Each structure stands twice: as structure tokens, then as C-alpha cells.
Amino acid sequence: MAVPTNTVQTFSRNSIREDLTNIISNISPTDTPFMSNIGTGKAKQRLHEWQKDSLASPDGDNKTIEGDDVTADPAAATSRLNNYTQLSDKAVSVSSTARAVDNAGYADELAYQVSKRAKELKRDIETRINGNFAAVPGGAGTAGETAGSVAFMYTNVDAEATGTDPTLSGGTSGYPNAAAGAGVARAFTEAQLKNVHELAWTEGGEPTMLIMSGKLKQVASTFSGIAAQRKENTRGQATIIGAADVYVGDFGEVSFVPSRFCPTDVAQLIDPSLWKLMDLQPYQLEDLAKTGHSDKKMLSREYVLQCQNEAGNGIIRDLDPDA
């Protein structure tokens, strides 16, 4: 059929507003499994210190003669550990014109940018504390750096002989002053997990999380110790869940947790109760000086990672996620 004469059609009009959906889609990941599962606390100095202790080795020959006098047993001193704080920030500067115009998807450009920077800062901190970073004391012209989890673990390790363990500044005390060195890359196997799990258990640890990259998680999901997971659909039929998350080992259950912000060549066996993220300065949002036709804000946090006792955890290093 022919269109009637002088019928107004959209094709010839200039007044139609563009179809810009008022939804801003941001798929960048912000889940932070390490930070979200460990404890928190308050730091009081840039050099944050704590102590660790251990029990004497069990003695099956512990016997006493009836009526004998008592002799004090040896009392080993505690070990003092420490780590340095790290100050991280994100700054925003938005022109007055950008705030005045009618924005699609959000009301205020400044508020939107602050929201984005908050998520970015959270991702930065997760990457730092769950990484292979040594601590740096800092100085007048040098930023202080906090050590990450990988640099704390040296007791319960499954790694290639060509790699090197991290070191502490005082031998078995102090702060991690050297990160772990990479060895020859190899495939991730269940035998490695069993080995580290046993080592941690022997030391008295009770780790409950294995944090790893997405590719290593796919490998781990094929291990024979994975607990069968099923859910029942509306018809009463069982559906197998492909992404198995719980591993039932000889020394307890371990949750397999994928992380986008951990190193891709390690799998960390973690007891969350032995870690804390301590704040010297908690999250702060501050107005910066106005110097012209723009508004400025700064989001910051000064934090330090505390590992109460690394021997309760374990790590598998030198993994090739594509092997």
C-alpha cells in the first residue's frame, strides 16, 4: 500500500532525540575474595608489628616420678613480625560545565567518577595484598609498600626447585623483604594440593580456601576430591553443577575460590582467620582545593597486611595456567 501524501515520517525529521539508554553498563569485576574473607583492624604506626608463637613439640615420654619436685619447662620467646603500610589513592577532577550539562545515565559527573574510582581503588588493594610483593619501608622520596600474601608464605610450599622462597628481613621474623622467585612453570595437579594440605595440617593449620586464577580453578574442578554438587529442578530431577567449589581432602574441606586479582601462577591455601587487613587511615573522601573551573576530590586508604602465622597456610607456586 502507498503512504498517504504529506504523512510525517521519522526519516525526514531532525527533532527526534537519540536513543541513549539511561543505564551505564560497567562489567569490570569488583569482587575481592581475599579481602572479603580476612579480618580487619586498626594499625597505629607505619611499621605495623605483631607476634607469633608456637607450642612445644609433643613429647610422648612426658612422665614424672610420684612426689618428685617440679622443674620449669623451657619457655621459647615469641617471634616478632611486621609489615609496612601502603598509601593508595584515586583522584577526580571534573569541570563545572561537565557537572552542569544534562547527563544520560547519571545525574552528576563528579559523583559518577568518584563511584568508579572507589571500585578501582578496591581492586588495586586486592591485587596488592593477594600478590607476590615484598614490603618497602619507604622514605622521604619513596612510597612505602605493604607485602602481599605470596611473599609471606615459605613453610608449606610446593614449588619447582629452580624457584626461590620469599625471605624475611630478620630470618624468621621481620617483614618480607624479598618476594618469591619464579621457577620452571609446570601443570597444576591434585598431588600438589594434597602435599601442601598435609604440610599445613602437620603444622597445626586448618586452611579452608584455595584462591587461584580462573584458569587454575577450571583445572582444580577436575580433581577427584571434588564433592558432588547437585540441585533439584522444578520437576524433581537432579542437575549436576559444573563449577564444583568444595574439595573434600584428607585434612578437611577446602573451598575453591577463583580470583581475578591474584597471581596467575600460584594457588594459595588460606586460613582466613590468620590474616588481617589493618588500616592506619581508613577509606577517606576529601575535597581538594578549587583552583579554577573544576571540582576535585581524592579517595584514599592507608593499609597494611598482617599474617598472624604463615605456617597455618600453604602455597603451590610455579604453575602454568595453560598446561
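The values are calculated or read from the model by the stated rules, or taken from the named source; none is laboratory data. Fair warning: this is a prediction, and the values are worked out from it, not measured in the lab. Glycine also receives a Cβ, built like all others from the backbone with ideal geometry; neighbour counts cover every protein chain displayed. Note: areas computed on protein heavy atoms with side chains; ligands, DNA, RNA excluded. Shrake-Rupley method; radii C 1.70, N 1.55, O 1.52, S 1.80 Å.
Between the alpha-carbon centres of region 69-143 and region 32-49 there is a gap of 10 Å. For region 101-155, the Cα-based Rg and Dmax, in that order, read 17.5, 58 Å. In the context of the full set of protein chains, the chain has a per residue accessible area of 58 Å² (1.4 Å probe). Over the chain, what percent of the accessible surface lies on carbon and sulfur atoms, probe 1.4 Å? It is 50 percent, rounded to a whole number. Contact order, relative form, for region 94-188: 19 percent (alpha carbon pairs under 8 Å, 6 or more residues apart, mean separation divided by residue count). Our estimate of slack between Ser57 and Ala118, defined as 0.36 nm per intervening residue step minus the Cα-Cα distance, is 17.2 nm. Relative to the longest principal axis of the Cα atoms of the chain, the long axis of helix 190-202 makes an angle of roughly 50 degrees. Calculate how steeply helix 109-129 sits against the longest principal axis of the alpha-carbon atoms of the chain, using the helix alpha-carbon long axis, and give the answer as 0 to 90 degrees to the nearest 10. Helix 109-129 sits at roughly 20 degrees to that axis.
Given the options Ser88, Ser213, Ser36, which has the most mean-square fluctuation in a GNM of the chain, springs set between C-alpha atoms less than 10 angstrom apart? Sorting by GNM fluctuation, first place goes to Ser36. Report which label in (1) 1.37; (2) 1.14; (3) 0.96 holds the value of Rg/Rh (Cα atoms, Kirkwood Rh) derived from the coordinates of this structure. Identified label for the calculated read-out: (2).
In this simple spin-label approximation, Gln45 and Ser273 carry label points 7 Å from Cα along the Cα→Cβ vector, and these lie 2.9 nm apart. Decide, for region 169-218, between rounded, prolate and oblate: order the square roots of the alpha carbon gyration tensor eigenvalues as a ≥ b ≥ c, take rounded if a/c falls under 1.5, and otherwise choose prolate if a/b is larger than b/c, else oblate. It is oblate, given that a/c is not under 1.5 and a/b is not larger than b/c. In summary, the lysines within cross-link reach of Lys42, defined as a Cα separation below 29 angstrom excluding same-chain residues under 8 places away, comprise Lys52, Lys90, Lys116, Lys119, Lys122, Lys276, Lys296, Lys297.
Checking every one of the trypsin sites (Lys or Arg not before Pro) in region 257-297 against DSSP loop status and a limit of 16 other Cβ atoms within 10 Å picks out Arg260, Lys290. Computed on region 91-197, the Cα convex hull volume stands at 185 Å³ per residue.
Largest mean-square fluctuation among Arg186, Arg301, Arg46, in a Gaussian network model of the chain whose springs join Cα atoms under 10 Å apart, belongs to Arg186. The antiparallel fraction among DSSP beta bridges confined to the chain stands at about 80%. Put a dot 7 Å past the Cα of Thr78, heading toward its Cβ, do the same for Arg99, and the two dots end up 4.9 nm apart.
Among Asp53, Asp265, Asp279, the largest mean-square fluctuation in a Gaussian network model of the chain, built with springs joining Cα atoms closer than 10 Å, belongs to Asp53.
Which part of region 81-107 falls in the paramagnetic zone of His293, meaning amide N under 11 Å from the point 7 Å along Cα-to-beta-carbon? It comes to 95-98, nothing else. Computed across region 141-207, the Kirkwood hydrodynamic radius from all distinct Cα-Cα pairs reaches 13.6 Å. Count Lys and Arg as plus one, Asp and Glu as minus one, and take only other residues whose Cβ is under 10 Å from that of Pro258; the net charge is then +1. Per residue, the average separation of C-alpha pairs within less than 8 Å and at least 6 apart gives the chain a relative contact order of 24 percent.
The relative contact order of region 244-297, computed from alpha carbon pairs under 8 Å that lie at least 6 residues apart in sequence, is 16 percent. If you model region 70-120 as an ellipsoid using its alpha carbon gyration tensor, with each semi-axis the square root of five times an eigenvalue, the axes come out at 57, 11, 6 Å, biggest first. Distance between the pseudo-spin-label points of Thr5 and Thr264 (7 Å out from Cα toward the beta carbon): 6.9 nm.
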